[in-house]
Each structure stands twice: as C-alpha cells, then as structure tokens.
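The values are calculated or read from the model by the stated rules, or taken from the named source; none is laboratory data. Remember, predicted model here, so these are calculated numbers, not experimental data. Note that we place each Cβ from the backbone using ideal geometry, even for glycine, and neighbour counts take in every protein chain shown. Please note that ligands, DNA and RNA were not included when accessible areas were found on the heavy atoms of the full protein model with its side chains. Shrake-Rupley method; radii C 1.70, N 1.55, O 1.52, S 1.80 Å.
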Amino acid sequence: IYSCCYLSRRLNQLSSHDPLWKRHCKKYWLISDEEKSQRNQSWKTIFISSYSDLGRYIRYYATLKKAWDDLEKYLGQRCPRMIGSLKESVREEDLDAVEAQIGCKLPDDYRCSFRIHNGQKLVVPGLMGSMALSNHYRSEDLLDIDTAAGGFQQRLGLKQCLPLTFCIHTGLSQYMALESVEGRNKYEIFYQCPDQMARNPSAIDMFITGTSYLEWFTSYVNKVVTGGYPIIRDQIFRYVHDKECVATTGDITVSVSTSFLPELSSVHPPHYFFTYRIRIEMSKDALPEKACQLDSRYWRITNAKGDVEEVQGPGVVGEFPIISPGRVYEYTSCTTFSTTSGYMEGYYTFHCLYYKDKFFNVTIPRFHMVCPTFKVSTARMVSRDETNHNEYAVDEDEDSTDTDEYEDRRRVLDIPAPSGRCPRHT
C-alpha cells in the first residue's frame with residue numbers, strides 16, 4: 001500500500017485513509033487502541049515506523065510477540081520472580097555483530113525473538129523448564145545473544161551449532177544448527193548425545209526438539225500457558241500429562257505425567273531414561289471413614305519388544321502416605337528402557353484406617369513413554385536401515401532398571417555423581 005501511494009494522486013489519498021492502516025498495525029505489530037492513543041500518532045505513521053524497524057520480521061513478529069506476551073502474563077501471575085530474569089531487547093546492529101563474530105547467518109525468527117527479549121540472565125529457575133528427581137536436578141536458561149555466541153561450536157560433531165539453552169547444574173544445552181552439516185537439517189534444534197560406543201569423540205547423536213526456532217519456542221510457550229506443564233515451587237516443570245492417564249477406584253483417583261531426560265539417556269548403547277510424576281487424590285466428598293494408608297505397590301512394565309517385568313515393593317519412595325478426603329499426595333520416580341518406548345501400569349494396595357483388616361487395590365492407569373525422534377551421528381559407520389527410524393536395531397537381554405546401572409550411566413555422561421540414589425519403580 002505504501003509503495004502504491006506514489007503511483008497517483010488518488011491512490012495517495014486512499015493510502016492516507018487512516019482506518020486502512022489500523023488493521024495492518026493490529027495484525028502485524030499487535031498495536032492496541034490504547035497503545036495508539038498513548039503514542040498520539042496516526043495508524044499510518046505507526047505502521048511505517050514499525051516497518052522501518054522490524055519490517056524484515058513481518059512474517060514472525062506477531063506470532064512471537066504474542067507468545068512472549070502470553071508467557072509474561074502467565075508467569076506474572078504464577079512465578080513473578082522469573083519475569084525479573086528476562087533481558088530487554090537487542091538492537092539490529094547487535095545481532096549483525098554476532099553474525100560477523102560467528103561467521104554464520106542467524107535465522108530471522110531467532111533474531112525477531114531477540115528483538116523482543118534478549119533471553120534471560122543465568123539464574124535458577126530457568127525459563128525453559130526444570131526437572132527434579134530425587135538427587136538429580138536441572139533447570140534450563142534461555143541464553144542471551146552474547147552468551148550464545150560465546151558458546152558457538154566449530155568442533156567436529158557440533159560444527160556450526162549455536163546453543164539456545166544452558167543448565168548450570170548439568171552443562172546441558174539445546175543447540176540450533178545454523179547450517180546443514182553433519183547430517184543435521186538447517187535450523188534444527190536438538191540435545192546432543194555423545195555416542196558412548198564410538199571411539200571418535202566427534203560421534204554425537206541428537207535428540208530432536210524442534211525444526212525451527214519459531215516452532216520450538218511457540219510450542220513450548222503454548223504448553224506452559226495452557227497448563228500443559230505444571231508450575232511447582234515457582235518453577236516450570238516439563239512433565240507431560242496425557243488426559244487418558246487417569247484412573248478412579250472408588251473415591252481415589254490416580255493420574256500420571258511423564259518426561260524424557262536426554263541428559264541421562266543415550267542412543268549407543270540404547271538407554272532411554274524417563275521420569276514420571278504420580279498424583280493420588282481422594283475425593284473431598286468421601287466419608288471420613290474412607291481414610292486409608294498405602295501399604296505397597298505393584299508394577300507391570302512392558303518395553304517395545306513386548307518383554308514384561310513385574311515389580312512389587314512396600315510403600316512408595318520410602319513412604320506410606322495416608323490419604324483422607326480432599327487430600328492429595330504426589331511423588332516422582334523413574335525408569336529406563338533399552339527400547340525407545342514402553343509403558344507401565346499397576347496398582348497400589350491400601351488398608352482402611354477405621355477398619356484395619358480391610359485391604360483394597362487402587363488402579364494405576366497405563367502410561368506410555370516414548371523418546372523424542374533422534375538422529376545418529378554421521379561419524380559412526382552405520383547402515384541406512386539402522387538410521388531410518390527411532391527403533392534402533394540393537395538387541396539387549398533386558399532393560400536396565402537397577403539403581404547401580406543408573407549411577408554408572410551418570411559417570412559415563414560426565415554428570416557429577418549425586419550423594420544419594422534414584423528410586424526405581426516406586
């Protein structure tokens with residue numbers, strides 16, 4: 001429209017009709033009527049001013065600005081201290097300087113996001129989610145542009161990859177590939193996973209978390225603001241809850257959410273680590289005499305090959321919780337599979353507090369765990385069939401589910417050994 005206004009006097013008059021620009025200001029720059037009044041400018045002037053500054057991002061700006069606005073509003077109500085860790089926007093010349101420094105072009109959707117917020121300070125908790133499991137903890141920060149540029153990789157295995165996140169506890173990062181090299185697609189986002197069976201240190205497998213910055217960031221924000229990820233103690237926890245993973249037995253409801261931990265997993269050897277969070281709740285309308293105590297648990301664990309393992313034991317995570325009307329008990333535990341997927345189901349055995357000789361079972365719903373799509377390292381000589389799909393063809397006698405094996409995996413992955421142990425199938 002702005003270009004056409006120079007063709008004739010009539011077009012020039014039409015292009016000066018201010019309501020014509022209102023729609024574009026709202027659509028592309030998310031300018032509200034209130035903001036327009038505060039700026040005391042015409043819609044046309046506001047559009048032209050915004051376009052001269054952000055015009056190269058017109059395809060992305062509205063989507064990313066809305067995501068940031070929704071995230072800030074949500075966090076402001078639930079964990080406001082995280083808002084204070086966000087950094088102000090950067091200038092175009094700052095982004096240009098980073099490109100010159102690393103010798104690679106940054107994608108426009110990434111640049112656009114940093115014109116809104118320059119990541120966050122290196123603090124805990126991190127904006128990109130936390131995970132706590134017994135003695136293992138991580139919290140990922142969204143890196144500012146200078147810190148990300150300082151971590152830009154040129155070494156084999158991570159050539160031309162830019163870190164997007166960082167955890168100060170584990171050293172874990174999500175990277176974005178700025179070029180299509182070493183088997184990666186341009187702008188693909190992933191967790192690195194060293195190949196423990198290769199002698200070549202540049203043999204790095206990848207757990208894929210996004211195909212572009214826009215898709216990666218907006219899908220994460222959507223999970224947060226829709227309540228898909230719970231807020232626990234002012235932190236975003238990246239547990240995914242399947243609405244089907246709920247079972248009610250009498251007055252007691254059990255629901256399950258799960259999460260994949262890339263930092264404790266590997267493709268070679270196949271070792272996929274999952275954590276699950278279980279919520280046990282008694283209806284507030286239940287009669288007082290329905291109060292009961294958990295005595296034991298039973299698990300039936302099935303991997304992708306159909307192999308079944310059964311586990312029984314007293315209590316959960318060393319506790320024997322009492323459940324009464326309106327009370328909720330939650331705990332987390334973990335499991336590993338040598339296949340890329342598997343599922344668990346089972347039951348808890350309770351006894352009534354008022355009738356101590358009365359025992360009953362409460363169903364734990366079946367819940368599935370599936371590791372993200374991954375790519376194996378191009379530095380490893382594998383057949384095409386082995387790299388086609390997630391189900392990597394390596395035979396294992398059984399799943400690694402014992403605590404000692406978990407401790408060994410932590411050492412292999414060069415994560416500081418914790419002081420305690422991780423509960424299994426509790």
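Checking each residue in segment 367-402 for being in contact with a Lys or Arg (Cβ under 9 Å, 6 or more places away or on another chain) and either assigned by the TED database to the domain that holds Gln192 or at pLDDT 90 or above (or both) picks out only Lys375. For segment 297-327, residues that are open to solvent by 40 Å² or more (accessible area, probe 1.4 Å) and either within 24 Å of the chain's Cα centre (by Cα) or closer than 19 Å to Asp242 by Cβ (or both) total 2. Among the residues of segment 340-372, just one is open to solvent by 80 Å² or more (accessible area, probe 1.4 Å), touching a strand residue (DSSP E or B) at 6+ places or on another chain (Cβ under 7 Å) and either of a type in the set (Asp, Glu) or in a loop (DSSP other than H, G, I, E, B) (or both), namely Lys358.
Scanning segment 307-339 for residues that are of a type in the set (A, V, I, L, M) and either without any contact (Cβ under 8 Å) to a residue 24 or more places away in the chain or outside any strand (DSSP E or B) (or both) returns Val308, Val317.
Taking the residues in segment 231-276 that are part of a loop (DSSP other than H, G, I, E, B) and open to solvent by 30 Å² or more (accessible area, probe 1.4 Å) as candidates, determine which candidate is nearest to Arg199 (Cα to Cα). Step through it out loud before you land on a result.
Just the residues of segment 231-276 that are part of a loop (DSSP other than H, G, I, E, B), to begin with: 233-234, 238-239, 250-251, 261, 265, 267-270.
Narrowing further to those that are open to solvent by 30 Å² or more (accessible area, probe 1.4 Å): 233-234, 238, 250-251, 269.
Details: Arg233: 42, Asp234: 42, Arg238: 33, Gly250: 56, Asp251: 56, Pro269: 13 Å.
The selected residue is Pro269.
Have a look at Asp146, Asp109, Asp141 and point out the one that is in contact (Cβ under 8 Å) with a residue 60 or more places away in the chain and among the acidic types (Asp, Glu). Of the residues listed, the single one that is in contact (Cβ under 8 Å) with a residue 60 or more places away in the chain and among the acidic types (Asp, Glu) is Asp109.
The set of residues from segment 79-91 being open to solvent by less than 60 Å² (accessible area, probe 1.4 Å) and in a helix (DSSP H, G or I) comprises Met82, Ile83, Gly84, Ser85. Taking each residue of segment 279-296 that is over 16 Å from Gly318 (Cα atoms) and open to solvent by less than 80 Å² (accessible area, probe 1.4 Å) and looking for partners that are modelled with pLDDT of 95 or more and of a type in the set (S, T, N, Q) with beta-carbon atoms closer than 7 Å, six or more apart or interchain, yields Glu281/Thr253; Met282/Ser324; Ala291/Ser324. When Asp94 is tested against (1) surrounded by 14 or more Cβ atoms within 10 Å (Cβ to Cβ); (2) touching a Leu at 6+ places or on another chain (Cβ under 9 Å), just one condition goes unmet, and that condition is (2).
For the condition open to solvent by 30 Å² or more (accessible area, probe 1.4 Å), without any contact (Cβ under 8 Å) to a residue 60 or more places away in the chain and touching a strand residue (DSSP E or B) at 6+ places or on another chain (Cβ under 9 Å), what is the one hit in Glu72, Glu35?
Glu72
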